[in-house]
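Here's the structure we're looking at; comments come further down.
The values are calculated or read from the model by the stated rules, or taken from the named source; none is laboratory data. Just so it is clear, the model here is predicted, and its values are computed rather than measured. Quick reminder, even Gly has a Cβ in these numbers, built from the backbone with ideal geometry, and neighbours come from all protein chains shown.
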Amino acid sequence: MKADPKGVLTGAHYLDGDYACAEGAIAAGCRFFAGYPITPSTEVAERVAQRFPEVGGVFIQMEDEIASSIAILGASWAGKKSMTVTSGPGFSLMQEHIGLAAMLETPCVIVDVQRGGPSTGLPTLTGQADMMQVRWGSHGDYEIIALSPNSPQEAFDLTIDCFNLSELYRVPVFLMMDECVGHMTEKVVIPKPEDIELVERRWYTGPKESYLPFKPDEDLVPRMVKAGDGYRFHVTGLTHDERGYPVMNWQAQEKLVRRLVEKIRKNADKIIRYEEEETDGADVVIVSYGISSRVAYKAISDARKQGIKVGFLRLIVVWPFPEKRIYELAGKVKALITVEINYGQIALEVERCAKGRCKTLLVPHGGGWVHNPDDILDAIKEGLK
Amino acid sequence: MSEIEANIPSTTQTTAGHPREGLLRMDRMPHIWCPSCGIGPTLSAFLIALEKSNLNLDKVAVVSGIGCTGRVAGYVKLDSFHTTHGRPIPFATGLKLANPELKVVVFSGDGDLVAIGGNHLIHAARRNIDIVVICVNNFIYGMTGGQVAATTPETAICSTAPYGNFETPFNLPHLMDTCGAVYVARYTALDIRRLSNAILEAFNKKGFSFIEVIAPCATLYARLNRLGTGLDILKYYHDNSVIKHNADPRELEIKFQGPIIVGKFVDRERPTFLDAMNQRFKTVLGDKYQLYGMTDECVPEAVVEGGER
Ligand SMILES: Cc1ncc(C[n+]2csc(CCOP(=O)(O)OP(=O)(O)O)c2C)c(N)n1
Ligand code: SF4
């Protein structure tokens, strides 16, 4: 399916990451937005509020993030592509409905423009410390997909990918931006509508009587219908069977939760995306994402000038995590070094996946600013030892 | 459950079937509600109103939160959503705004809608989101075992107010009136006919309608407060509820075992969220703006003719 020309501002623009994300959503066909203002994500909402009347969408500023995060689920069940946007504290408030979205297998996109925390922390300054919250923040077991852009161009492109992945796997998909990318202005090229490929919702098309809301296809994802189409279906956040009816026993729990987890884990190879540079023959490999990856480039080029063989693995899809690739690399290098604006979230994953085959180092940062490239260079030298 | 109640032969399951079978998920019966709970009759009143209405039932969606009342969504044979505690109204808001063709009914408990969900309730009324809210007020939290609610009358005993409640309860019709609901009514679960008529009226209103149903929680509220059986409570409603349409909403508070004023209190017209949105955008953007979810005829005349700039 191609993008609706109405929503696509084809051409080259100067946009910040927040605006680019809004344009990506509109190009992807998002026509319902519910949100609550919070720095540094607010510009996404402002841009959507400005643009939606031109494209036939509904924008509503809800009373809080709790409301926003469930309003988008209602809208999705009414057949619209829907999204909300927030930052740290608002993201924490949304957690219960991230679980509901996973449980009801509701396509939706949630953007978190990360700032420094915990608590109110550094509202206007950057951070990358929600990476574990997005993975594990709601209660219970479930899997999500999260992408992380490192430029306004990617904020546009990856927002479209978020919508496509959420329709394909019927999961909430997250764009884990950071304040720097959100507020950085760069050239963004918006393609022609016919060059934007969109994934259509996987509608159920069989006979009405035999519709089962949670009967999975072979790839473990069930087909969807929407309210008002005459199926008279029921869905519940309680553990349920294929009919969507609650069933309170461990067998039903095992069947449902296993599938919610496996539909992502078993398709992980299709979802995972990263950018790799000069890892062949590298002595150390930097692992990074978002704004930190751009700072790491500087340290990497400094190191290369000194003759050090440094490779680079930039995560585009952060969850599911590229476990296999990290394991392979760990068998070939002296050290894997994670650069991120937190005290070790993705670094823990790298360490887990390396399984002791090489040194694993973290270049931490508390948030509020980006790394000093010299600190990364020092870590590279430490890794060589 | 008393021994007498336990021994009542279950006739409904063996004879001709339930009168509203077509609207219920019979494959989920028996339901979880206690004998003489007020949720069942409230559901009956809702189904009667549905039958009497000329609504296309394929386009009716029911959204519930969590609690004994919240289970309603699971029993109706309609598009139905059992969501999270306190949040059915924002879910319904998304559903309705994304597809304005739907008739969206939120059916939940007082704890769900007024305590944890209070913020959503007042804002949906203020915005005049076009949904019907049916609030079963049993003065207590049923599902979690009889804790104090935002509606518990002063001095009533609850499991977390063992010495009697000392907080001031909400007067829900007054709250909803001041927030701008276009239709506000209250009946007891005894008065199924009036209650179903009120629900029917609410179906025909455009905008945010709120119906409070005073319902017995025979198992918890009645037992903790020594009010007898569910039947005793219904008798109490019979003797102590007073119909007073258009009563001043400020005077509708409910005292412990005091009189219960019922009736229709608010019935007004006000642009809904989508009406106001369409009106504003048409005024400012003119013909560039395509009306959302309605045709040109539906927009108030003043706007079609030009309006201010
Ligand atoms: C976030 C959250 N907090 C608390 C609960 C526990 N809980 C379930 S139902 C309920 C109260 C229900 O009371 P009410 O809405 O009055 O409904 P009733 O059971 O009386 O019909 C509570 C507190 C929950 N499910 N979720
Ligand atoms: S506990 Fe109370 S509210 Fe819940 S089903 Fe029983 S009587 Fe009804």
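Computed quantities for the displayed model
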item	result
Residues (buried (at least 17 other Cβ atoms within 10 Å of the Cβ) and out of contact with any helix residue (DSSP H, G or I) (no Cβ under 6 Å at 6 or more places or on another chain)) located in segment B:234-252	B:234, B:236, B:237, B:241, B:247
Segment A:99-118 - residue that is of a type in the set (A, V, I, L, M) and away from chain B (no Cβ under 11 Å) and, of those, farthest from ligand 2 (Cβ to nearest atom)	A:113
Candidates B:140, B:66, B:129, filtered to the one that is touching a Phe, Trp or Tyr at 6+ places or on another chain (Cβ under 6 Å) and within 16 Å of ligand 2 (Cβ to nearest atom)	B:140
Check on residue B:215, away from ligand 1 (no atom under 16 Å from the Cβ), more than 14 Å from chain A (Cβ to nearest Cβ) and within 24 Å of the chain's Cα centre (by Cα)	no
Helices (runs of 4 or more DSSP H) enclosed by segment A:322-385 - at least 1 residues per element that are farther than 17 Å from residue A:299 by Cα	A:323-330, A:346-354
Some residue of segment A:248-261 being under 30 Å from residue B:72 (Cα atoms), at pLDDT 95 or above and among the small types (Gly, Ala, Ser)	yes
Restricting segment B:51-65 to residues that are more than 8 Å from every other protein chain (Cβ to nearest Cβ) and touching a helix residue (DSSP H, G or I) at 6+ places or on another chain (Cβ under 6 Å), the residue that is surrounded by the fewest Cβ atoms within 10 Å (Cβ to Cβ)	B:52
Selection from segment A:128-162 of residues that are out of contact with any helix residue (DSSP H, G or I) (no Cβ under 7 Å at 6 or more places or on another chain) and over 26 Å from residue A:192 (Cα atoms)	A:129, A:132, A:134, A:135, A:136
Some residue of segment A:35-52 being at the interface with chain B (Cβ under 10 Å from one of its Cβ atoms) and not hydrophobic (A, V, I, L, M, F, W, C)	no
Selected residue (criterion: surrounded by the most Cβ atoms within 10 Å (Cβ to Cβ)) from residues of segment B:30-39 that are in contact (Cβ under 8 Å) with a residue 24 or more places away in the chain and over 13 Å from the mean Cα position of the chain (by Cα)	B:37
Subset of segment B:193-217 (residues that are in contact with a Gly (Cβ under 7 Å, 6 or more places away or on another chain) and of a type in the set (D, E, K, R))	none
Options A:216, A:207, A:191: the member that is free of Cβ contacts under 8 Å to residues at least 12 places away in the same chain and more than 14 Å from chain B (Cβ to nearest Cβ)	A:207
Segments classed as helices (runs of 4 or more DSSP H), wholly inside segment B:195-309, with at least 2 members that are more than 30 Å from residue B:159 (Cα to Cα) and modelled with pLDDT of 95 or more	B:273-285
Among the candidates A:23, A:63, residue that is more than 11 Å from every other protein chain (Cβ to nearest Cβ) and of a type in the set (Asp, Glu)	A:23
Segment B:279-293 residues that are closer than 10 Å to residue A:53 by Cα and more than 9 Å from chain A (Cβ to nearest Cβ), paired with ones that are in a loop (DSSP other than H, G, I, E, B) and hydroxyl-bearing (Ser, Thr, Tyr) (beta carbon under 9 Å, 6 or more apart)	B:282/B:289
Qualifying positions in segment A:309-356 - under 17 Å from residue A:130 (Cβ atoms) and small (Gly, Ala, Ser)	A:344, A:347
Counted residues, segment B:148-159 - those being within 15 Å of ligand 2 (Cβ to nearest atom) and surrounded by fewer than 17 Cβ atoms within 10 Å (Cβ to Cβ)	1
Members of segment B:177-194 that are part of a strand (DSSP E or B) and not hydrophobic (A, V, I, L, M, F, W, C)	B:183, B:186, B:187, B:188
Selection within segment B:115-145 - surrounded by fewer than 24 Cβ atoms within 10 Å (Cβ to Cβ) and within 11 Å of ligand 1 (Cβ to nearest atom)	B:115, B:116, B:143, B:144, B:145
Cβ-Cβ under 7 Å pairs, at least 6 apart or on other chains, segment A:105-128 side within 30 Å of residue A:216 (Cα to Cα), far side modelled with pLDDT of 95 or more and among the acidic types (Asp, Glu)	A:107/A:167; A:112/A:130
Failed item, numbered, when residue B:167 is tested on (1) more than 16 Å from ligand 1 (Cβ to nearest atom); (2) surrounded by fewer than 22 Cβ atoms within 10 Å (Cβ to Cβ); (3) assigned to a loop (DSSP other than H, G, I, E, B)	(1)
Residue B:186 vs. criteria under 21 Å from the mean Cα position of the chain (by Cα) and closer than 20 Å to residue B:68 by Cβ	yes
Exclusive hit being of a type in the set (Asp, Glu) and touching a helix residue (DSSP H, G or I) at 6+ places or on another chain (Cβ under 8 Å), set A:218, A:209, A:194, A:186	A:186
Failed item in (1) among the small types (Gly, Ala, Ser); (2) more than 7 Å from chain B (Cβ to nearest Cβ); (3) part of a loop (DSSP other than H, G, I, E, B), with residue A:228 passing the rest	(2)
Single residue of A:330, A:354, A:282, A:299 found to be more than 26 Å from residue A:160 (Cα to Cα) and crowded, with 24+ Cβ neighbours inside 10 Å	A:299
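To keep it simple, each residue is scored yes or no on (1) surrounded by 24 or more Cβ atoms within 10 Å (Cβ to Cβ); (2) touching a strand residue (DSSP E or B) at 6+ places or on another chain (Cβ under 6 Å); (3) not acidic (Asp, Glu).
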| residue | (1), (2), (3) |
| --- | --- |
| A:125 | no, yes, yes |
| A:130 | yes, yes, no |
| A:139 | no, no, yes |
| A:166 | yes, yes, yes |
| A:188 | yes, yes, yes |
| A:192 | no, no, yes |
